[in-house]
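One structure is given below, encoded as structure tokens.
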Amino acid sequence: MIDSQQQVFIQRLIATFVITAVIADTYPQPNLAPGLLESTFRKIEQTLVLSKA
């Protein structure tokens, strides 16, 4: 069974991974294609703009 210290460690590890992934994906990198989040936001924005027109 997982005790509370191990549970806190796992939660912090997951939170750190998620935060790092979001920062890495959204940080502009000129030599790489846009990240997953940026591409998704653009598609949503285009869809909203097209639906209003």
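The values are calculated or read from the model by the stated rules, or taken from the named source; none is laboratory data. All figures in this text were calculated on a predicted structure; none of them were measured in a lab. Backbone-built Cβ (ideal geometry, glycine too); neighbour counts: all protein chains shown. Just so you know, the surface numbers come from the protein's heavy atoms only, side chains and all, with ligands and any DNA or RNA stripped out. Shrake-Rupley method; radii C 1.70, N 1.55, O 1.52, S 1.80 Å.
Roughly what angle does helix 36-52 make with the longest principal axis of the chain, taking Cα atoms, 0 to 90 degrees, to the nearest 10? It works out to around 40 degrees. For the chain, the solvent-accessible area of protein heavy atoms averages 98 Å² per residue (probe radius 1.4 Å; ligands and nucleic acids excluded).
Counting only Cβ charges, +1 for Lys and Arg and -1 for Asp and Glu, the dipole size of the chain around its Cα centre is about 180 debye. What is the helix-to-structure angle for 4-26, meaning the angle in degrees between its Cα long axis and the longest Cα principal axis of the chain, kept from 0 to 90 and rounded to the nearest 10? The answer is roughly 20 degrees. Give the distance, in whole Å, between the Cα centre of the range 1-24 and the Cα centre of the range 30-52. Answer, in whole Å: 29.
Based on the Cβ-Cβ distance from PHE17 to PHE41, what FRET efficiency comes out when R0 is 25 Å, to the nearest 0.05?
Numbers: r = 21 Å, r/R0 = 0.84.
Plugging the Cβ-Cβ distance into 1/(1 + (r/R0)^6) gives 0.75.
The residue list GLN7, PRO34, GLN46 was ranked by how far each Cα lies along the charge dipole of the chain toward its positive end, using unit charges on Cβ atoms, and GLN46 comes out on top.
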